[in-house]
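Novice: Here it is: the structure, laid out below.
All of the numbers you see were taken from the coordinates with simple rules; none came from a lab. Values in this document were obtained by computation on a predicted structure and should not be read as measured data. Glycine also receives a Cβ, built like all others from the backbone with ideal geometry; neighbour counts cover every protein chain displayed.
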Amino acid sequence: MRSIATVLTALVIAGTVSACGGTQPDGAPAPAAEETLRAVSTTDGSLTVRREPSAEGAVLTRLSESTALGSPRVLLVEERRDGWVKVALPVRPNGSTGWVAEDDVLLEPVRGSVRIDLAKRRLVYTLDGRQVTSAEVAIGTTRNPTPTGDFFVTDRIRPADPDGAYGAFALGISAHSETLTEFAGGDGQIGIHGTNAIASIGRAVSHGCVRVTNDVAALLAGIPLGTPVAIR
């Protein structure tokens, strides 16, 4: 798929369980899971990402205010600390993180998540704790496998030709191919997209992207930027 870029990594902290089967003492309510957040850049120019949560920290990178495909710059939050936000980065190597000043971003809750099971070749989209869709997918080949890890949605794209190779809709995610540094003029960034090759669904045939049928792609069109995407 062409270059597809942007940011987010899920922050879900399970409630503490006791040594006796996980019940709370004296009927006390279970602690709530911490909210998953996305960080939307509010800078007029580049967003400075540092190695440590400090204005004196070394600069890891500077991200433009929008992605290469024109989407607003949105990153997935991993941690907050004293006016700083640790975010997942849409750069190589996969799993990279850094710190941005909280004053440079708008923090917003994320209600949904995507999970892709490569062994089962299945995508599940959950919203507000309820399953919205579960669909069979095509994945990367042994030579160019779909990377595993925790990623997030960076772009929402409507291809010019809905009957083309990328179908009616595509999501760019923060993952990059671990075998291809260039593909079709892009930098090997991974996407989830529709397809005109319906027979490929359920097979390991792509260059790393995750293919879904066009009707499923249409359902995914409402997924916001920054939504966590877990690939296992």
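Novice: Report the local net charge at Ala204: Lys and Arg +1, Asp and Glu -1, summed over other residues whose C-beta lies under 14 Å from its C-beta.
Specialist: Neighbourhood net charge equals +4.
Novice: Shifting gears a bit: Suppose we keep just the DSSP beta bridges with both residues in the chain; what percent of those would be antiparallel, to 5?
Specialist: 90
Novice: Please compute the Cα-Cα pair-distance distribution of the stretch 117-210 with 10 Å bins starting at 0, giving whole percents from short to long.
Specialist: Taking every Cα pair in the stretch 117-210, the percentages come to 16, 50, 31, 3.
Novice: How big is the dipole moment of the stretch 79-143 about its Cα centre under a simple scheme where the beta carbon of each Lys and Arg is +1, that of each Asp and Glu is -1, and everything else is neutral? Debye, nearest 20, please.
Specialist: Around 560 debye, computed over the stretch 79-143.
Novice: Place +1 on the Cβ of every Lys and Arg and -1 on the Cβ of every Asp and Glu in the chain, take the dipole about the Cα centre, and give the residue among Gly57, Val153, Phe183 whose Cα lies farthest towards its positive end.
Specialist: The listed residue farthest towards the positive side: Phe183.
Novice: Let me ask something else about it. Dipole magnitude of the stretch 52-99 about its Cα centre, charges +1 at Lys/Arg Cβ and -1 at Asp/Glu Cβ only, in debye to the nearest 20?
Specialist: 160
Novice: Please identify every one of the trypsin sites (Lys or Arg not before Pro) in the stretch 112-147 that sits in a loop by DSSP and has no more than 14 other beta carbons within 10 Å of its own beta carbon.
Specialist: Filter output for the stretch 112-147: Lys120, Arg143.
Novice: Need the full-extension length gain, Leu127 to Arg232, defined as separation in residues times 0.36 nm minus the C-alpha distance. One decimal, nm.
Specialist: 35.9 nm
Novice: Nearest 500 deg cm²/dmol is fine: what mean residue ellipticity at 222 nm does the chain get from its DSSP H runs of n ≥ 4 alone, each adding -39,500 (n - 2.57), divided by its residue count?
Specialist: Dividing the helical sum by the residues of the chain leaves -1000 deg cm²/dmol.
Novice: Given a cut-off of under 8 Å on Cα pairs at least six residues apart, what relative contact order in percent is computed for the stretch 111-181?
Specialist: Relative contact order, the stretch 111-181: 22 percent.
Novice: Okay, moving on. Is the shape of the stretch 33-109 rounded, prolate or oblate, going by the alpha carbon gyration tensor and its root eigenvalues a ≥ b ≥ c, with a/c under 1.5 for rounded and a/b larger than b/c for prolate?
Specialist: rounded
Novice: Report the one residue of Gly202, Ala217, Ser174 whose Cα lies farthest in the direction of the positive end of the charge dipole of the stretch 112-231 (charges on C-beta: Lys and Arg +1, Asp and Glu -1; origin at the Cα centre).
Specialist: Gly202
Novice: State, in angstrom, two size descriptors of the chain derived from its alpha carbons: Rg to one decimal place and Dmax to the nearest whole number.
Specialist: Computed over the Cα atoms of the chain, radius of gyration and Dmax are 18.4, 61 Å.
Novice: Report, for the stretch 112-231, the % of DSSP beta bridges that are antiparallel, rounded to 5.
Specialist: The antiparallel proportion sits near 80 percent.
Novice: Label the stretch 171-232 by shape, choosing from rounded, prolate and oblate, from the square roots a ≥ b ≥ c of the eigenvalues of the Cα gyration tensor; if a/c is under 1.5 it is rounded, and otherwise prolate applies when a/b is larger than b/c, oblate when it is not.
Specialist: oblate
Novice: Taking the Cα centre of the chain as origin and charging only Cβ (+1 Lys, Arg; -1 Asp, Glu), how large is the dipole, in debye to the nearest 20?
Specialist: The calculated dipole for the chain is roughly 780 debye.
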